[in-house]
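The values are calculated or read from the model by the stated rules, or taken from the named source; none is laboratory data. Everything quoted here is computed from the prediction, not taken from an experiment. Cβ: placed from backbone, ideal geometry, glycine included. Neighbour counts: every protein chain shown. Protein only, heavy atoms only, side chains kept; ligands, DNA and RNA dropped before computing areas. Shrake-Rupley method; radii C 1.70, N 1.55, O 1.52, S 1.80 Å.
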Amino acid sequence: MRFFESVLDLVGRTPLVRLNRIVSSDMATLYAKLEYLNPGGSVKDRIAVNIVKRAEAAGLLKPGATLVESTSGNTGLGLAMVAGVRGYRCICTMPDKMSKEKIDMLKAFGAEVVITRTDLPHDHPESYVEVAKRIARETPGAFYTDQYFNMANPEAHYLTTGPEIWEDTDGQIDCLVGGIGTGGTISGAAKYLKEKAAEAGRTVRVVCPDPRGSIYHDLYYKGVQPKPSVYRVEGIGHDFMVGTLDFSVIDEIVEVSDRDSFHATRRLAREEGIFSGGSTGTALWGALKAARELGPGKTVVVIIPDSGDRYLSKLYNDSWMQDMGFIGPGDRLGTVRDILKLKGGKVEFAEASESIGHVASRMSTLGISQMPLEGADDGGGLRMVHELDILQGLVSARCTANDPVIGVAKALEGRVTLDDPLTAVQSVFDAHNVAVAVEGGKVVGIISKIDVVQFLAARHK
Ligand SMILES: Cc1ncc(COP(=O)(O)O)c(C=O)c1O
C-alpha cells in the first residue's frame, strides 16, 4: 500500500518550475516554487504544521484545545486544516480587505471567522491582532499561535523550504526572491541557503519585493518606521515590525505598486499557466528585475505563496480591477509588450563611437529617424540619437559627419515599461515621436504611431 497517514504529510516538497515565456534570453534562469501545491493551498501550511507540532511538544495544547490566529487568510487555512486533522477548534480574525473566497474557504475547513476593520492601527483594541489576542485570553484552553512572533514560523522554512530549494537547484541558486508578510518564509529559507552557500564557497542574494504602503522598505533602508498606508495586495507587507523577520539575511527590498503586482500575476497565469495570488505578482515583479540584473547563466528562485482561486472576485475580475483603477479601458486594448510582440524585429542601436555619417546612412537604409545609444561609458544614462539633432548639429557646424555620434545624442525621453497599457504609449505621442520601452535599465523596444495603428488593425482583424 502507498498512502500518507494524513493530508498533513503532503505539506512541503513543492516543485520548482522553470519560467519560459515571461523571461528573455538576456536574463538569468527563473524558477518558480509552487507553494500553492500544498494541501491547504499556500506556503502557510508549513508553519501551521510546525507551530502546532512545537506547541504539542511543549505541552501547550491539550486535546480539544482552540487555536486562535490573526491572519490574512492563508495561515488561518493551514491552521484550520491542521485543527481538523488533530481535533482542535480554530478561530481566525481577519481584516475586511481580504477576499470573500478566503472567508468561505476558512469556514469550509471548519474555522470560526471574525472580520475586523482593515484601516485600524495594529494596536487598536478592534484590530485583527488585538481581537485575536483577546479571544485567546478569554477562551478556556485556547492557544494563540501568534505567527508574527512565534519562531516556529521561520524554523519551518529553515527546516523545509530552504533545504528543498538547495537540493532542487543542486546548490546552484544565486538569488532567492520572496515577499515579506511575517517574514517567516524568507528569513528561514534565506538563513539556510546562505549557510549552505557559505559552506560551498558561494553566495545567495536575497531580494524582497514589498507593496508600496508597507513599512518594511523604509524600515530596512532608513531604520525609521514610516506611516503605513492601505494597499490591496494581500498577505505581504505590514504596518508594524514583527519578531519573525530577520533583516540580516535580506540584501534588498524593492517597492512594488498594487497595479504592477496584479498585472504581473495575470501575466503569469496567461503566459506560464501558473494560477497564483497578488503577492506572487509582487514577488515576480522583483524577480524579473533581479533576473535582468543578474543576466544569463545565473539561477533565480521566486516563491509563489498561494493560488489564484482565492482572488477570482478581485485581481482576476476586470470590473474589480477597473473599479480599483488598476486597469482602464486602454488596458483592454493591450500593453507595450503586446505591441512589441506583434512588431517583432530587434532594436537598432547606435554605437557611441560610431561616426555621425555612418549612423545617418544606417537610419536612411532602415527608414528610421532615431536610434538609442549604446556603448557609452561616461555614466550619462540612456540616450537617443534623433535625425533632427544630427541635422541641426551639421547645419550649425557644431559637428561634422566624422565626429562620434555621442556628441549629438540627447537624454532618452518618452519612456514606457513593458506592462504599460496602450494608453500610456498614446500619451507619450503627445510630446514625442516614439515611445521607448525600457526594462531593467535597457532599451528593449521602440514604438512609433504606425506600430500602434498596425497593432490595433491586427486586433480588429
Ligand atoms: C498570499 C501570501 N503571500 C505571502 C505571504 C508571506 O509569507 P510570510 O508570512 O512567511 O512572510 C503570505 C503570508 O501570509 C501570504 O498569505
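Would you be able to say whether some residue in the range 392-404 is open to solvent by 50 Å² or more (accessible area, probe 1.4 Å) and either within 32 Å of the chain's Cα centre (by Cα) or under 25 Å from S24 (Cβ atoms) (or both)?
The answer is no, given that none of the residues of the range 392-404 is open to solvent by 50 Å² or more (accessible area, probe 1.4 Å) and either within 32 Å of the chain's Cα centre (by Cα) or under 25 Å from S24 (Cβ atoms) (or both).
Among the listed residues R337, R266, R310, R362, identify the single one that is at pLDDT below 90 and among the charged types (D, E, K, R).
R337
Go through the range 381-391 residue by residue and tally those that are more than 15 Å from K442 (Cβ to Cβ) and either open to solvent by 60 Å² or more (accessible area, probe 1.4 Å) or not acidic (D, E) (or both).
6
Which one of the conditions (1) crowded, with 21+ Cβ neighbours inside 10 Å; (2) within 16 Å of the ligand (Cβ to nearest atom); (3) over 16 Å from L34 (Cβ atoms) does F247 fail to meet, given that it meets all the rest?
Of everything listed in (1) crowded, with 21+ Cβ neighbours inside 10 Å; (2) within 16 Å of the ligand (Cβ to nearest atom); (3) over 16 Å from L34 (Cβ atoms), F247 misses just condition (1).
Checking G179 against (1) surrounded by fewer than 23 Cβ atoms within 10 Å (Cβ to Cβ); (2) under 24 Å from M321 (Cβ atoms), which single condition isn't satisfied?
The one condition G179 does not meet is (1).
Restricted to the range 57-80, and to residues that are touching a helix residue (DSSP H, G or I) at 6+ places or on another chain (Cβ under 7 Å) and not small (G, A, S), which residue is nearest to the ligand (Cβ to nearest atom)?
Within the range 57-80, the match that is nearest to the ligand (Cβ to nearest atom) is N74.
Tell me the residue from L294, L284, L315 that is open to solvent by 10 Å² or more (accessible area, probe 1.4 Å) and touching a Lys or Arg at 6+ places or on another chain (Cβ under 9 Å), please.
L294
Taking D210, is it charged (D, E, K, R) and closer than 17 Å to P305 by Cα?
When the stated conditions are applied, D210 passes them.
Can you name every one of the strands (runs of 3 or more DSSP E) wholly within the range 1-70 that holds 3 or more residues which are modelled with pLDDT of 95 or more and buried (at least 19 other Cβ atoms within 10 Å of the Cβ)?
29-34, 66-70
Which pairs turn up if I take residues in the range 391-410 that are within 16 Å of A350 (Cβ to Cβ) and look for partners that are among the β-branched types (V, I, T) and in a strand (DSSP E or B) with beta carbon separation below 6 Å, at least 6 apart in sequence or on another chain?
Within 6 Å, the pairs are V405/V385; A409/V385.
Find the residue count for the range 392-420, including only residues that are hydrophobic (A, V, I, L, M, F, W, C) and in contact with a helix residue (DSSP H, G or I) (Cβ under 9 Å, 6 or more places away or on another chain).
Residues flagged as hydrophobic (A, V, I, L, M, F, W, C) and in contact with a helix residue (DSSP H, G or I) (Cβ under 9 Å, 6 or more places away or on another chain) within the range 392-420 amount to 8.
Failed condition for I103, given (1) assigned to a helix (DSSP H, G or I); (2) free of Cβ contacts under 8 Å to residues at least 60 places away in the same chain; (3) β-branched (V, I, T); (4) more than 16 Å from the ligand (Cβ to nearest atom), with all others met?
(4)
Quick one: which of V254, V242 is touching a Gly at 6+ places or on another chain (Cβ under 8 Å), surrounded by fewer than 21 Cβ atoms within 10 Å (Cβ to Cβ), closer than 25 Å to D168 by Cβ and at pLDDT 90 or above?
Just one listed residue meets the conditions, V254.
Given the criterion within 14 Å of the ligand (Cβ to nearest atom) and over 19 Å from the mean Cα position of the chain (by Cα), identify the matching residue among R46, R54, R86.
Answer to the check: R46.
Which of the residues belonging to the range 297-324 are more than 16 Å from the chain's Cα centre (by Cα), touching a residue at least 60 places away in the same chain (Cβ under 8 Å) and not in a strand (DSSP E or B)?
Of everything in the range 297-324, those that are more than 16 Å from the chain's Cα centre (by Cα), touching a residue at least 60 places away in the same chain (Cβ under 8 Å) and not in a strand (DSSP E or B) turn out to be G297, K298, D309, R310, L312, S313, K314, M324.
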